[in-house]
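Asker: Here you go, one structure.
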Amino acid sequence: MNEVIETILNHRSLRHFEDMPLTEEQIKTIVSCAQSASTSSFIQAYSIIGVKDKAKKKKLAEIAGNQEYVEINGHFFIFCADLNRHSIIGEMVQTDVTPSIESTEKFMVALIDASLAAQNAAIAAESMGLGICYIGGIRNNLEEVKKLLKTPERVIPLFGLTVGVPTKLTDIKPRLPFEHIYHEDEYEQDKQVYISQLQKYDDFISSYYDERTEGKRKDRWSEQMAKMLDRKSRMYMKEFVQKNKLDLK
């Protein structure tokens with residue numbers, strides 16, 4: 001097993017960082033690695049906003065649900081779906097690109113491009129001995145986030161990535177079993193096989209929490225998911241995306 005694979009398999013979300021900024025070289029390396037990710041048809045439909053300003057980080061932490069680690073870390077990156085530059089390109093070369101960049105397909109391309117770039121950034125940071133945590137909580141109030149970051153139309157902040165020197169390590173959470181995630185040639189259609197795999201994973205997760213919390217927590221993964229999905233959250237998203245002239249058709 002090489003060092004790259006070891007880094008990937010050793011991933012865990014970390015939420016306690018030293019209040020020490022990353023160096024400019026570290027930031028540039030992480031962003032350069034993000035840019036080396038695959039991108040659909042070379043469209044590069046994303047942007048990354050690095051937040052250093054303490055007041056802005058504090059506000060973003062509040063928006064994200066008062067998550068302290070959004071405020072206290074080495075650097076806070078925000079990954080954005082970005083088709084604004086492509087709108088400008090249309091003006092530059094006098095071509096009507098609007099129908100294309102306002103399509104669901106190009107919206108999906110922007111989401112995928114940004115996600116691929118972010119995962120490259122995360123692995124790069126972890127390979128440098130830094131800790132990371134993805135922050136979806138910025139989507140709690142994207143209107144405020146857009147105002148704070150001054151993003152134009154066709155740019156949507158998707159999620160944040162906290163990076164820094166960790167002060168506390170957490171356990172690696174066990175993922176779903178290989179045979180449940182990986183389907184060969186076709187999707188598994190036997191519902192009972194599917195349920196059996198989930199039940200085994202539920203037992204495993206329950207034991208994981210039981211041991212980690214000394215018996216204070218024994219919940220199962222399926223119960224967690226059902227409870228989470230029973231709560232409606234960020235239901236404004238479709239309207240927000242369309243308002244920003246993305247995913248209209």
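Asker: Determine, yes or no, whether Leu246 is closer than 25 Å to Lys59 by Cβ, crowded, with 16+ Cβ neighbours inside 10 Å, aliphatic (A, V, I, L, M) and modelled with pLDDT of 95 or more.
Answerer: Here the answer is no, as Leu246 does not meet what is asked.
Asker: Which residue pairs have Cβ atoms under 6 Å apart, sit 6 or more places apart or on different chains, and have a first residue in region 139-153 that is over 15 Å from Ala61 (Cα atoms) and a second that is outside any helix (DSSP H, G or I)?
Answerer: Taking only residues 6 or more apart or on different chains, the pairs are Glu153/Asn244; Glu153/Lys245.
Asker: Let me ask another. Scanning for something surrounded by 14 or more Cβ atoms within 10 Å (Cβ to Cβ) and either more than 25 Å from His16 (Cβ to Cβ) or free of Cβ contacts under 8 Å to residues at least 40 places away in the same chain (or both), does region 69-80 turn up at least one residue?
Answerer: yes
Asker: Answer with yes or no whether Leu176 is over 30 Å from Asn84 (Cβ atoms), among the aliphatic types (A, V, I, L, M) and assigned to a helix (DSSP H, G or I).
Answerer: Here the answer is no, as Leu176 does not meet what is asked.
Asker: To continue, here is another question. In the set Thr151, Thr162, which member is surrounded by 15 or more Cβ atoms within 10 Å (Cβ to Cβ), in a strand (DSSP E or B) and in the same structural domain as Leu111 (by TED's automatic domain parsing)?
Answerer: After ruling out the rest, the residue left standing is Thr162.
Asker: Could you list all residues from region 95-108 that are over 15 Å from the mean Cα position of the chain (by Cα) and part of a helix (DSSP H, G or I)?
Answerer: Across region 95-108, the qualifying residues are Thr98, Pro99, Ser100, Ile101, Thr104, Glu105, Lys106, Phe107.
Asker: If only one of Ala55, Ala61 is surrounded by 22 or more Cβ atoms within 10 Å (Cβ to Cβ), within 25 Å of Glu24 (Cα to Cα) and assigned by TED's automatic domain parsing to the domain that holds Ser103, which one is it?
Answerer: Only one candidate passes the filter, namely Ala61.
Asker: Still on this model: Could you tell me whether region 117-129 includes any residue that is surrounded by fewer than 20 Cβ atoms within 10 Å (Cβ to Cβ) and within 29 Å of Lys232 (Cα to Cα)?
Answerer: The answer is yes; a qualifying residue exists.
Asker: Hey, does region 199-212 have a residue that's buried (at least 16 other Cβ atoms within 10 Å of the Cβ), among the hydrophobic types (A, V, I, L, M, F, W, C) and not in a loop (DSSP other than H, G, I, E, B)?
Answerer: There is at least one residue in region 199-212 that is buried (at least 16 other Cβ atoms within 10 Å of the Cβ), among the hydrophobic types (A, V, I, L, M, F, W, C) and not in a loop (DSSP other than H, G, I, E, B).
The values are calculated or read from the model by the stated rules, or taken from the named source; none is laboratory data. Because the structure is a prediction, the values reported are computed rather than measured. Cβ coordinates were reconstructed from backbone atoms using ideal geometry, including for glycine residues, and neighbour counts include every protein chain displayed.
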